[in-house]
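Asker: I'd like to ask some things about the structure below.
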Amino acid sequence: MSSPQPLIQLTEFPDFTRITPEQIEPAVDHWLAAARAQVEQVIQQAHPSWESAIQPLQESADQLSRAWSVVSHLNSVCNTPELRTAYQACLPKLSAYSTWFNQHPELYRLYQQVAQQADLHPDQQQALRLNLRDFQLSGIDLPPQQQTRFADIQQRLSELSNQFSNQVLDATQAWQKHITDETLLAGLPESARQSAAAAAQAKGLEGWLLTLDFPSFYPVMTYADHRPLREEVYTAYVTRASDQGPDAGRWDNAPLIEEILALRQEKAELLGFKNYADYSIARKMAPTSEAVIDFLQQLAQQARPQALQDMAELQAFAQQQGQDQLQAWDVGYFAEKLRQQRYALNQEELKPWFAAPQVVQGLLRISSRLFGITFSPATEMPVWHPDVQAFHIEREGERIASFYLDLYAREGKRGGAWMADLATRRERADGSVQKPIAFLTCNFTPPIGNQVSLLTHQEVTTLFHEFGHGLHHLLTQVTVPDVAGINGVAWDAVELPSQFMENFCWEREGLDEIAAHQETGAPLPQDLFDKLLAAKNFQSAMQMMRQLEFSLFDFRLHQQLPAPDRHQVQALLDQIRATVSVVPATPFNRFQNSFSHIFAGGYAAGYYSYKWAEVLSADAFSAFEEEGILNSATGQRFMESILERGGAEEAMTLFVRFRGREPQIEALLRHNGIQAATELSR
């Protein structure tokens, strides 16, 4: 008797609006059963080959992955209690399957057998190498009792990660401030007031409504003259999901952090690693944990003198403005005032040139010039919200990929910006090629009424960043899914294309494609461009030290504290802040409790990857500075060397192929306007 068809159909472009929470668990059960059946079938083969064994396994893995991608994405962008329940019900099953697959002795032997065959393509060889490594990192060589414990840890970590993310979302969306006295909003730009008024109106309230979503939080911290309001909003933001602040203890993530860290350490020790940082490095480009710490400390030594100088200037400026003691909720406000005084540049002043539709079109034009591709609206692709756009990518008249663009913040959508894959490029058994599809998600201020959304320059760079990830996934020419697109790419190199794309937002040639006044269509005036460029590296050393603070905290947390309690976690963060941070910290700040990158994302003992990859991206972009910012020949070389090859070769091999040498740190320091520490001390 054949099994019933799953309720979620795996069409190329899913109809998101027809998917209900009740369908999710039966559909996932169906694809899990199909994947298990495929494994049991291929391990019976006496003489397995790539075509007879690996390709069928890839087929079933792809079906499961596409089904789960739809569910996972909807959980992130249209979160409801019913969807959350269905999503959480599937997590233990997926974790159990993953562990069963990676600890399957006959399957491991099958992969070893196929890997020894002489007629494999280099991309297939690399995929098999990575698969065999993952078998080992999943406990394939452990005794049965330890394998069982490893599986239990994996499942529990999956549950804890999801719970952490949910509690950050709940804590963020629970807080709001209803304002009826307009004087409290003094200093806020008109666009921020309009958004706050629209938020109030949506809840049936008079006046204005402030939330902790970033498009609401950021203008308050940057422009609000009313200091108690800045303090109140700041306090609510940095105490989310913690034992402090207005919702103290309600969604406290500290117990989750303790359990996550203890389980990660136990998992690492089971596999013979000293700590979780060493386990993490096994999949990274960095050679050792010591190399990571040395890299971060080297950057800190270079940047800290300048960061201290920047902070001293800011404190002196605040005192001139009558603010003797600079608190954490004052830094962004006075920094913006100082920026305006020094460069006569108000970030709001730039927004009329960055209407979201114009920015998107400019991004597509730049990508077309660089990489020889074209874009067209994909009106036949169903979407999950009216604001979502869909596009096809073509080369020489043939569609090669598609993507969704979900730009705006809304209720039920988790914060931040990210790229996720719906489908990966791969060769099917019949010789046809599955085209890659990506989700690109941001949280910008939504349009109000008939007005278009006007972006800050920072939001423009965020969009370019995520699109860089998208290009890495979408332009791959690899047809082996385990190493196509971002798959198989070392985690500390995966940010190379994303950070690389940000550079075009700072170049005249790039901005001429992006920026046009929303009313007149006029390009960004030269004086505004000059101010933007002059202000580019304003307090960049302070910003770098902030990222190094996060990176060192993450890495040392996983390297030095095997099973810490909340007090030890806080003590480590305080110690790192004392040596690295130049911004005043408050005793109630619980940043770690909403640090989703490392507790609910893929960056555990890997947050340093942003800086590691920024060295690669800055040095890669310097080739365009030498040869022409929108030079199509250089773009073609970057595409062929980096974007098209994905994880099919080692990241350093690909970088050297493009640049002709290994990366150098000087471009990163130059792009950030950071002088060497020795220069500052003269």
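Only the coordinates and a few stated rules stand behind these numbers; no lab work does. Just so it is clear, the structure is predicted and the values come from calculations on it, not from any experiment. When we count neighbours, we look across all protein chains shown, and the Cβ atoms used for this are built from the backbone with ideal geometry, even at glycine.
Asker: Taking the alpha-carbon centroid of each part, what is the distance from the stretch 544-617 to the stretch 401-442 in angstrom?
Answerer: 29
Asker: For the chain, find the longest principal axis of its Cα atoms and tell me its angle to the long axis of helix 289-320, 0 to 90°, nearest 10.
Answerer: It is inclined by approximately 20 degrees.
Asker: Determine the calculated [θ] at 222 nm for the chain from helices alone, applying -39500 (n - 2.57) to every DSSP H run no shorter than 4 residues and normalising by the residue count; nearest 500 deg cm²/dmol.
Answerer: On the way: 27 runs with 378 residues, N = 682.
Counting only the DSSP helices, I get -18000 deg cm²/dmol.
Asker: Let me ask something else about it. Can you pull the Kirkwood radius for the stretch 423-477, inverse mean 1/r over Cα pairs, to one decimal in Å? Could you put the intermediate results ahead of the total?
Answerer: Numbers: mean 1/r = 0.0734 Å⁻¹.
This gives a value of 13.6 Å.
Asker: Ok, one more. Could you pull out the GluC sites (Glu not before Pro) across the stretch 194-255 that fall in loop regions by DSSP (anything but H, G, I, E, B) with no more than 14 other Cβ atoms inside 10 Å?
Answerer: Sparse-neighbourhood loop GluC sites (Glu not before Pro): Glu206.
Asker: Still on this structure, please answer the following. Take every Cα-Cα pair in the stretch 60-183 and report what % of them are more than 21 Å apart. Intermediate results must be reported in sequence, preceding the final value.
Answerer: Numbers: 4352 of 7626 pairs.
When all Cα pairs of the stretch 60-183 are counted, 57 percent exceed 21 Å.
Asker: Which value, in debye to the nearest 20, gives the size of the charge dipole of the chain about its Cα centre, when Lys and Arg are +1 and Asp and Glu are -1 at the Cβ?
Answerer: It works out to roughly 560 debye.
Asker: Expressed as a fraction of 2.2 N^0.38 Å, the rule-of-thumb size for a compact globular protein of N residues, what is the C-alpha radius of gyration of the chain?
Answerer: Taking the Cα Rg and dividing by 2.2 N^0.38 Å, one obtains 0.96.
Asker: Ratio of Rg to Rh for the stretch 374-416, alpha carbon only, Kirkwood?
Answerer: Values: Rg = 12.6 Å, Rh = 11.7 Å.
Rounded to two decimals, Rg/Rh equals 1.08.
Asker: Rounded to the nearest 20 debye, what is the charge dipole size of the stretch 175-238 about its Cα centre when +1 sits on each Lys and Arg Cβ and -1 on each Asp and Glu Cβ?
Answerer: Values: 5 positive and 8 negative charges, 25 e Å.
So the magnitude is around 120 debye.
Asker: Then there is this: Please sort 466-473, 153-160 by packing, taking for each peptide the average over its residues of neighbouring beta carbons within 10 angstrom, highest first.
Answerer: Ranking the peptides 466-473, 153-160 by packing returns 466-473, 153-160.
Asker: Packing-wise, with mean Cβ within 10 Å as the measure, how do 106-119, 541-554 rank, highest first?
Answerer: 541-554, 106-119
Asker: Relative to the longest principal axis of the chain, what angle (0 to 90°, nearest 10) does the C-alpha long axis of helix 21-42 take?
Answerer: 40
Asker: Structure shown: which of Lys536/Lys611; Lys413/Lys531; Lys203/Lys413; Lys177/Lys536 lie over 26 Å apart, alpha-carbon to alpha-carbon? Write down the numbers at each step before the final one.
Answerer: On the way: Lys536/Lys611 18 Å; Lys413/Lys531 35 Å; Lys203/Lys413 17 Å; Lys177/Lys536 33 Å.
Flagged as over cut-off: Lys413/Lys531; Lys177/Lys536.
Asker: Oh, and also: Starting from the Cα gyration tensor of the stretch 175-238, multiply each eigenvalue by 5, take the square root, and state the resulting semi-axes largest first in whole Å.
Answerer: 16, 13, 11
Asker: I would also like to ask the following. Restricting to Cα pairs below 8 Å that are 6+ residues apart, what does the relative contact order work out to for the stretch 175-238? Please round to a whole percent.
Answerer: 38
Asker: If we count every other residue with Cβ under 15 angstrom of Ala192's Cβ, Lys/Arg +1 and Asp/Glu -1, where does the sum land?
Answerer: -4
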